[in-house]
Amino acid sequence: MRNRSGLSLILVGLLSSTGASPSWAQGDAPASPSASMMELLHYEPTGLSLLTPYTRGKVPVVFIHGLWLNPASWHRMISALKADPAIDGRYQCWTFGYSTGDPIPYSAHLLRRNLDDARRKLDPDRTDSAFDEMVLVGHSMGGLLSKMMAADSGDRLWRVISDRPFEALVGEEADVDLFQTGLFFGARPEVRRVIYIATPHRGSRFDRGAILHVGARLVRVADPLRAAHHRLVARNEPTFFREHFRKAIPTSIDELEWGSPILTGLAGLSTAPAVKVHSIIAVRPDSPPGNRTDGLVRYDSAQVAGVASERVVATGHLCQDHPDVIGEVRRILSERTTP
């Protein structure tokens, strides 16, 4: 993705809107890697998007992009997968887009809400068994959102921001509900498989100052969330929230730092037994043995214990277009080409 198209994808991701309501797009996936920007824009920038009309009996595969990208970053992989008759006959491709600055739990909350909306709109009587075989493919931060669809939180994430019982939280009902749905959740019953690609489960040792220098004006928490945070901090005593949360609600960049409180909490969550997990890890060929990295995420941050498969690919972090990454996703999906 070091060509003009790749740069365009990054700019589109940076400039995408901050809304996240479902967009039931009916445009086809681009037919080739040389797709024009108009074709790329068929991928709705935010919310859950269907790239072709919903087809009963086809398993949804939801592609979730990483930091500073948008759903169009998947166009080459999706085009390659759709070109395989066995894959195309079994699966339908969806994408989920989110605002890059929003806290990870808030983006995951929006994804859960969109999945609920999709079920109500597309399979209201819950008779399509393929809907309950859903696959999530998450690149970078998208992998963290995927994990939050496949795990039970308990009160682990709440304890990241407070040592008080959640029931003691004082505030307007809508504000309390917003934080409750973001921090307390169960594994999605429809999700059966998760594929992590270059996912920073323990964070990244990136140059935060350089990133903020480039994107500070574009990285900001959604207004409803900032307003709710302000009201809750004001309504509760000063010691109710931990200091890092009381001072400001974190952006996704804050949360992606190595050892951040939210990632420490997420790392402790166990994936539901019904979910099969696969990991694709990028490692730059020029990285030293003691610091295997894709340029942003180290191997020891991307690695997950107990996965069904792990594939290391010699490439950098922006690896969705790499033939070996696409090939590994195809291999994983091929395990389910026979109903």
Residues of the stretch 57-87 with amide nitrogen under 18 Å from the 7 Å Cα-to-Cβ point of Asp324? 77
Could the peptides 243-253, 61-71 be put in order, highest first, of the mean number of other beta-carbon atoms found within 10 Å of their residues? 61-71, 243-253
Proximal lysines relative to Lys58, as straight alpha-carbon distance under 28 Å, when same-chain residues fewer than 8 apart are discounted: Lys82, Lys121, Lys147, Lys276
Which of the trypsin sites (Lys or Arg not before Pro) across the stretch 74-164 are loop residues per DSSP, with 13 or fewer other Cβ within 10 Å? Arg126
With label points set 7 Å from each Cα along the Cα-to-Cβ direction at Glu335 and Arg164, the distance between them in nm comes to 4.5 nm
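Given R₀ = 45 Å, FRET efficiency for Arg56-Arg235 by Cβ-Cβ distance, to 0.05?
After rounding, the FRET efficiency stands at 0.45.
Bear in mind that the values in this text are calculations on the coordinates, not laboratory data. Treat the numbers as computed from the prediction; the structure is a model and nothing was measured. For neighbour counting, all protein chains shown are included, and Cβ atoms are generated from backbone atoms with ideal geometry for every residue, glycine included.
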